[in-house]
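All remarks here apply to the structure that follows.
The values are calculated or read from the model by the stated rules, or taken from the named source; none is laboratory data. The shown structure was predicted, so the numbers you read here are calculated from the model rather than taken from an experiment. Glycine gets a Cβ as well: all are built from the backbone with ideal geometry, and neighbour counts include every protein chain shown. What goes into the accessible areas is simple: the full protein's heavy atoms, side chains included, and nothing from ligands, DNA or RNA. Shrake-Rupley method; radii C 1.70, N 1.55, O 1.52, S 1.80 Å.
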Amino acid sequence: MIMGFGSVLKNGFTRRRFMKGALLGAGAVATGSAWEIAQAMATGKKAGDVRGYGVEPGRVNIGSNENPLGASPRAVAAIAENLHKINRYDFGVDLPVRLNKQHNVPGVEGFELSFEDMRSFMRFRELNRVMVTPGSGPILQALAVIAAGNGGECIEAVPGYGSVARGFQSFQMMGKDVSVVRVPTTGDFVHDLGAMKAAITPTTSLIVVTNPNNPTGTIVPYDELVSLVDAAPEQAIVLIDEAYIHFVRDPNYQDAVKLALERDNVVVARTFSKIYGLAGMRIGYAVGGQRMMNMLMAHMGFFGGGLSTLGMHAALAALDDDEFVDRTLTVVNDGKEYLSAEFDRLGLAYTPSHGNYMIVDVGRDSRRMSGALFRRGVMVRSGSGYRTREVDLLGNHLRVTIGKPDELEVFVNELENILGGSSQG
Ligand SMILES: Cc1ncc(COP(=O)(O)O)c(C=O)c1O
C-alpha cells in the first residue's frame with residue numbers, strides 16, 4: 001500500500017530475489033551460504049544473527065541514516081596512509097579547491113594552487129565558494145545563530161529535520177525576539193512550498209528546505225525552490241540542505257548549487273556522512289555566494305571550524321570512490337524495493353523515498369513500536385520525534401534506514417512478530 005507521490009515502486013521484489021542479489025552482489029554484503037540464508041528465512045532472523053559494520057554484535061542499527069556498508073575503502077586507505085601526519089595542522093585547501101571545481105564555480109576551472117606563488121592563494125580566497133566544515137551540522141547551527149542575530153522568523157517544514165528550527169528556538173528561550181514557524185507538509189509529506197511562501201513576512205530571517213526531506217524522503221522541484229527564494233525578503237537566508245542528494249532517483253531532479261552560486265542569500269549544505277560512509281569522520285561543506293561565504297567565515301573562521309588532517313584526506317579519496325558509491329546505491333535502491341514489497345505484504349502504508357531511509361505507517365504508537373524493536377536489538381527512529389506541539393503527522397510512523405539485506409530482514413521479521421502479537425512485543 002503506497003502513500004505519497006510520484007514514481008511508484010513495483011511490487012514483486014521478492015525476499016528471494018533480494019537475498020540472491022545480496023549473495024551475488026559485492027561480496028561484502030554476503031554473510032553465508034545460500035542454504036544458511038534459506039534456513040534463516042524459514043526461521044526468521046534475529047539481530048544476533050547478523051553482523052553490521054561499525055556496530056556492536058547483536059544490534060541492527062538502522063536508525064541514523066548511516067551507510068550500512070561501512071566507509072569508502074579508498075577513504076579508509078587514505079586515513080591509514082596519512083596517520084603519521086596528525087602531529088601537523090592541515091592548512092591545505094586541496095579539498096575546497098576540488099569541491100569548487102566539482103561544482104563548476106566560475107573562475108576555478110583550470111585553476112592550480114602553487115606554493116611558489118602565494119598570490120594563487122589570494123586568488124583562491126576570492127574565487128572560493130565552498131566552506132568545508134566538521135560535518136554539515138555546524139553549518140546548520142551557524143546559520144541559525146547568524147539569522148537569529150537578525151531577529152525575525154525561521155521557517156521550516158514539519159515533519160522535517162528540524163535542527164535549524166531548534167537552534168533558532170534556543171534563542172527564543174534566551175529571551176531574544178525571534179520565532180519559529182513550522183509549516184506542515186502536504187498529505188504526501190512533501191514540503192508545502194506554497195504555504196511556506198505564505199508564511200514569509202518582511203522580517204523573516206531564515207528559510208530551510210531539506211531536499212530530499214528527512215524523515216519523509218520527498219523532494220521538491222527546482223523551479224519551485226527558485227520561486228520560494230524569489231519570495232524571500234533580502235535579508236532572509238535560504239538554506240537548502242542536500243544531505244541525501246546522492247540517493248535521488250528522479251532524473252528530472254536538479255540540485256540547488258547553481259542557485260546558491262547565482263543568488264547572494266542561498267546556502268547549500270552537503271555532507272560526506274551518508275553516501276561516503278564517513279559520519280564519524282565529520283566532514284561537510286557549504287556552497288554559497290560571496291556574501292554567504294563571508295557571513296559563514298565571520299562566524300566559523302576561514303577554515304570553517306577546522307577539519308582534521310585525516311578528514312581532509314578521507315574526503316578527497318572518497319570523492320574518487322565511484323565503486324563504493326555505486327555499491328551503496330545498489331544496496332539502498334534494492335533495500336527500498338525489498339521494504340516496499342514487504343510493507344505491501346504486511347498491508348502497511350509507506351512513502352516512496354529519495355533518501356537512504358523510508359517512513360512507514362505501522363498503525364500504532366511509533367514510540368512504543370520503536371521501543372519494542374529496540375528490545376529485540378533493532379534500532380529505528382520513531383516518527384513522533386518529528387512532531388511539534390501543534391503538529392504530529394508521524395505519530396504512527398517509523399523511519400527506517402536502509403541497511404544491509406540481512407539487517408532489513410531482521411527488521412521485517414521482528415516488525416511482523418510484534419504486529420502479529422508474538423511475545424516480548
Ligand atoms: C537532513 C540532514 N542534514 C544534516 C545532517 C547532519 O549531518 P552531518 O553533520 O553528519 O554532516 C543530517 C544527519 O543526519 C541530516 O539528516
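Taking R0 as 25 Å, what's the FRET efficiency between S120 and R291 from their Cβ-Cβ distance, rounded to 0.05? Spell out each step's value before the answer.
Details: r = 24 Å, r/R0 = 0.95.
Efficiency at R0 = 25 Å is approximately 0.60.
Note the angle between two axes, namely the Cα long axis of helix 405-419 and the longest principal axis of the Cα atoms of the chain, as a number of degrees from 0 to 90, rounded to the nearest 10.
60
What does the extension gain come out to for E234 and K85, with contour length at 0.36 nm per residue minus their alpha carbon separation? If you can, show how the numbers build up before the last one.
Details: separation 149, 0.36 × 149 = 53.64 nm, distance 4.45 nm.
Length gained, E234 through K85: 49.2 nm.
Rounded to the nearest Å, what's the spacing between the alpha carbon centres of segment 265-288 and segment 358-405? Just the number, please.
Comparing the Cα centres of segment 265-288 and segment 358-405, I get a distance of 25 Å.
How much accessible area per residue does segment 76-318 have, counting only protein heavy atoms and a probe of 1.4 Å, in square angstrom?
Numbers: 10040 Å² over 243 residues.
The answer is 41 Å² per residue.
Along the charge dipole of segment 103-195, Cβ charges K/R +1 and D/E -1, which of N104, A165, A195 sits furthest on the positive end?
A165
Taking the Cα centre as origin and putting +1 on Lys and Arg beta-carbons and -1 on Asp and Glu beta-carbons, what dipole magnitude results for the chain, to the nearest 20 debye?
Around 980 debye, computed over the chain.
Normalised radius of gyration for the chain, please: alpha carbon Rg relative to 2.2 N^0.38 Å, two decimal places.
Working: Rg = 22.1 Å, N = 425, 2.2 N^0.38 = 21.9 Å.
Taking N as the residue count of the chain, the ratio is 1.01.
Evaluate E = 1/(1 + (r/R0)^6) for K176 and D320, where r is the Cβ-Cβ distance and R0 equals 35 Å; express this FRET efficiency to the nearest 0.05. Spell out each step's value before the answer.
Working: r = 45 Å, r/R0 = 1.27.
About 0.20, to the nearest 0.05.
Would you list R51, R129, R270 from the most to the least accessible area, probe 1.4 Å? Spell out each step's value before the answer.
Values: R51 130, R129 45, R270 15 Å².
Output order, biggest surface exposure first: R51, R129, R270.
If we sort 149-156, 138-145 on the protection proxy, mean other Cβ atoms within 10 Å, highest first, what's the order? Intermediate values should be presented prior to the final figure.
On the way: 149-156: 20.5, 138-145: 23.9.
Ranking the peptides 149-156, 138-145 by packing returns 138-145, 149-156.
What does the charge dipole of segment 254-309 about its Cα centre add up to, to the nearest 20 debye, if the Cβ of each Lys and Arg holds +1 and the Cβ of each Asp and Glu holds -1? Don't skip to the end; give the middle numbers.
Values: 6 positive and 3 negative charges, 23 e Å.
Taking the Cα centre of segment 254-309 as origin, the dipole is about 100 debye.
Relative contact order for segment 76-318 using alpha-carbon pairs under 8 Å, separation at least 6, rounded to a whole percent? The partial results should precede the final answer.
On the way: 442 pairs, mean separation 62.1, N = 243.
Worked out over segment 76-318, it gives 26 percent.
Could you identify which residue out of R98, R119, R375 has the top mean-square fluctuation in a GNM of the chain using Cα springs shorter than 10 Å?
R119
Where does the chain land at 222 nm, in deg cm²/dmol rounded to the nearest 500, when only DSSP H runs of n ≥ 4 count, each adding -39500 (n - 2.57), divided by all residues? Kindly include the intermediate steps, with their values, before the conclusion.
Details: 15 runs with 165 residues, N = 425.
Calculated from helices alone, the mean residue ellipticity at 222 nm is -12000 deg cm²/dmol.
I want to make sure I understand the PRE zone here: with the label point 7 angstrom from the Cα of E390 toward its beta carbon, which residues in segment 170-193 have backbone N atoms less than 16 Å away?
Residues 178-186, 192-193 fall inside that zone.
How far apart, in nm, are the 7 Å Cα→Cβ label points at L113 and R364?
About 5.6 nm separates the two model spin labels.
Sort E409, E224, E126 by heavy-atom solvent-accessible area, probe 1.4 angstrom, most to least. Provide the component values of the computation, followed by the final result.
Working: E409 5, E224 90, E126 110 Å².
Largest accessible area first, the list is E126, E224, E409.
Take a quick pass over the chain and tell me how many lysine pairs come in under 28 angstrom between Cα atoms, counting only ones 8 or more apart or on separate chains.
27
Compute the length gained on full extension between D188 and Y222: take 0.36 nm times their separation in residues and subtract their Cα-Cα distance, giving the result in nm to one decimal.
Numbers: separation 34, 0.36 × 34 = 12.24 nm, distance 1.83 nm.
Additional length available on full extension: 10.4 nm.
Go ahead and set up a Gaussian network model of the chain, Cα springs under 10 Å, then flag whichever of F247, F111, F168 fluctuates most.
Comparing F247, F111, F168 in the GNM, the peak value goes to F111.
Of the candidates N214, N356, N265, which one comes out as most mobile in a Gaussian network treatment of the chain with C-alpha springs shorter than 10 Å?
Most flexible of the set in this elastic network: N265.
By DSSP, what percent of the beta bridges with both residues in the chain are antiparallel, rounded to the nearest 5? Could you put the intermediate results ahead of the total?
Values: 19 of 42 bridges.
Of those bridges, close to 45 percent are antiparallel.
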